[in-house]
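**Q** If you scroll down you'll find the structure; I have some questions about it.
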Amino acid sequence: QVQMVESGGGSVEAGGPLRLSCVVRRWPHNRYCLGWFRQAPGKEREGIAHLASDGSTDYADSVKGRFTISLDNTQPTLYLQMNSLEPEDTAMYYCAAEPPLPPRMGDACPREYVYWGQGTQVTVSS
C-alpha cells in the first residue's frame, strides 16, 4: 500500500520560511498527481498546491507567490516550500497523491486524492 510520511512542521514567526517534506513509498504508477492540503480548526480543508507528472502546478490564491510545490524523484520526496508565512497559514498540513486518469482521458488529475499523509502542524505566530 502507498505510504506518505510527512515531516517539517513546527512553529515559526510571521515572515519566516518553512519547508515541509513528504516521502512517498510504494508508489505503483508511472504517472502521478500530487498535492498539499491544509485545514485549520473550524475551517474547511483547502487544497493549496498541486503538481502533475508533466510538471504543471496549480496554487490556491491564498498561497500563490509564497508557496512552491516540488518533487525530488530520488526517494521520491514531495516538498512544500513556504515563504513569507502569515498567522493565517496556521493549520494542519497534509500531502496527498492520486493516480491520473487513463491516457484516453489525457492523463488528467481528477483532484480526488486517495492517498494521504498523517499531517504535520504548522503554527505561525505574529
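**Q** Say whether the condition of being touching a strand residue (DSSP E or B) at 6+ places or on another chain (Cβ under 8 Å), free of Cβ contacts under 8 Å to residues at least 24 places away in the same chain, part of a strand (DSSP E or B) and farther than 17 Å from Q118 by Cβ is met by at least one residue in segment 73-85. Don't jump to the end; show me each part of the working.
**A** Initial filter on segment 73-85 (touching a strand residue (DSSP E or B) at 6+ places or on another chain (Cβ under 8 Å)): 75-83, 85.
Cutting the leftovers down to free of Cβ contacts under 8 Å to residues at least 24 places away in the same chain gives us none.
Within segment 73-85, none of the residues are touching a strand residue (DSSP E or B) at 6+ places or on another chain (Cβ under 8 Å), free of Cβ contacts under 8 Å to residues at least 24 places away in the same chain, part of a strand (DSSP E or B) and farther than 17 Å from Q118 by Cβ.
**Q** Limited to segment 110-126, what total is found for residues that are under 14 Å from the mean Cα position of the chain (by Cα), farther than 12 Å from Q39 by Cα and open to solvent by less than 70 Å² (accessible area, probe 1.4 Å)?
**A** Residues flagged as under 14 Å from the mean Cα position of the chain (by Cα), farther than 12 Å from Q39 by Cα and open to solvent by less than 70 Å² (accessible area, probe 1.4 Å) within segment 110-126 amount to 3.
**Q** Another one. Output yes when any residue across segment 30-38 is among the hydroxyl-bearing types (S, T, Y) and touching a Pro at 6+ places or on another chain (Cβ under 8 Å), and no when none is.
**A** Going through segment 30-38, the residues among the hydroxyl-bearing types (S, T, Y) turn out to be 32.
When the remaining residues are screened for being touching a Pro at 6+ places or on another chain (Cβ under 8 Å), the result is 32.
There is at least one residue in segment 30-38 that is among the hydroxyl-bearing types (S, T, Y) and touching a Pro at 6+ places or on another chain (Cβ under 8 Å).
**Q** Just a yes or no: is a residue in segment 6-13 surrounded by 16 or more Cβ atoms within 10 Å (Cβ to Cβ), outside any loop (DSSP other than H, G, I, E, B) and of a type in the set (D, E, K, R)?
**A** yes
**Q** Now for a separate question. With respect to S62, is the statement that it is open to solvent by 60 Å² or more (accessible area, probe 1.4 Å), part of a loop (DSSP other than H, G, I, E, B) and not hydrophobic (A, V, I, L, M, F, W, C) true?
**A** Answer is no for this residue.
**Q** Shifting gears a bit: Does segment 25-44 hold any residues that are surrounded by 12 or more Cβ atoms within 10 Å (Cβ to Cβ), within 20 Å of V122 (Cα to Cα) and among the charged types (D, E, K, R), and which are they?
**A** If the condition is that a residue be surrounded by 12 or more Cβ atoms within 10 Å (Cβ to Cβ), within 20 Å of V122 (Cα to Cα) and among the charged types (D, E, K, R), then R38 is the only one that fits.
**Q** Still on this structure: Report, ordered by the first and then the second residue, all pairs with beta carbons closer than 6 Å, sequence separation of six or more or different chains, a first member in segment 90-109 that is surrounded by 18 or more Cβ atoms within 10 Å (Cβ to Cβ), and a second member that is part of a loop (DSSP other than H, G, I, E, B) and among the basic types (K, R).
**A** P100/R31
**Q** Looking at A49, A14, can you tell me which residue is out of contact with any Gly (no Cβ under 9 Å at 6 or more places or on another chain) and of a type in the set (A, V, I, L, M)?
**A** Only one candidate passes the filter, namely A14.
The values are calculated or read from the model by the stated rules, or taken from the named source; none is laboratory data. Only a predicted model underlies this, so the values are computations on that prediction, with no experimental measurement involved. We place every Cβ from the backbone using ideal geometry, glycine too, and count neighbours over all the protein chains shown. Side chains included, ligands, DNA and RNA excluded: accessible areas come from the protein's heavy atoms. Shrake-Rupley method; radii C 1.70, N 1.55, O 1.52, S 1.80 Å.
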